[in-house]
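The values are calculated or read from the model by the stated rules, or taken from the named source; none is laboratory data. A quick note: this is a predicted structure, and the numbers were derived from the prediction, not measured. Here Cβ is always computed from backbone atoms with ideal geometry, including for glycine, and neighbour counts include all displayed protein chains.
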Amino acid sequence: MTVVDPPVGPPCGLVRRLAAIFYDGLLLGALWMGATFPLLFLTHGEAIHAGNPAYTAYLLLIGWAFFGWFWTRGGQTLGMRAWRVAVQTTSGHPIGWGAATRRYAAALLSWLALGLGFLWQWLDRDGLTWHDRLSGTRLIVLPQAR
């Protein structure tokens, strides 16, 4: 059995990172709409009120499952694949559910701080965001396919 070294690439820049997030945001929004549809039967077609804690937790759980599933199976969401970006541990290996959960939770903190966790990448000596640091992961740019 041959051991294959994990892919190593340059760190992902902020613009590429945000472009992949935009793509994934469109997919996640569609997923949330589809997941909300069955709930309308429970509310008899009435809108779910903004700030409903159970609904917010439901959407966050779906987001965690979406990102966690992709990150732990190949290291790429569909948006990351389009922009040739992959997530891996800082040692260059695939991430598991523990790291994916930490990354997702820390990314929420980065967004809640008005995006400062992302902008931190410009100040960090290794070009990492808050959620990269807090989860022990990093985003790399993959080489173009030939």
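So if I check each of 88, 76, which one is crowded, with 17+ Cβ neighbours inside 10 Å, under 30 Å from residue 124 (Cα atoms) and in contact (Cβ under 8 Å) with a residue 40 or more places away in the chain?
Numbers: 76 fails: in contact (Cβ under 8 Å) with a residue 40 or more places away in the chain.
After ruling out the rest, the residue left standing is 88.
Within segment 43-63, the set of residues being part of a helix (DSSP H, G or I) and loosely packed, with under 13 Cβ neighbours inside 10 Å comprises 53, 54, 56, 57, 61.
Could you grab the pairs with beta carbons closer than 6 Å, sequence gap of 6+ or different chains, first residue in segment 1-26 and within 16 Å of residue 141 (Cα to Cα) and at pLDDT 60 or above, second one of a type in the set (Phe, Trp, Tyr) and buried (at least 16 other Cβ atoms within 10 Å of the Cβ)? If the second residue must be of a type in the set (Phe, Trp, Tyr) and buried (at least 16 other Cβ atoms within 10 Å of the Cβ), the pairs left are 16/83; 19/83; 20/83. Within segment 75-83, the presence of a residue that is part of a loop (DSSP other than H, G, I, E, B) and of a type in the set (D, E, K, R) is excluded.
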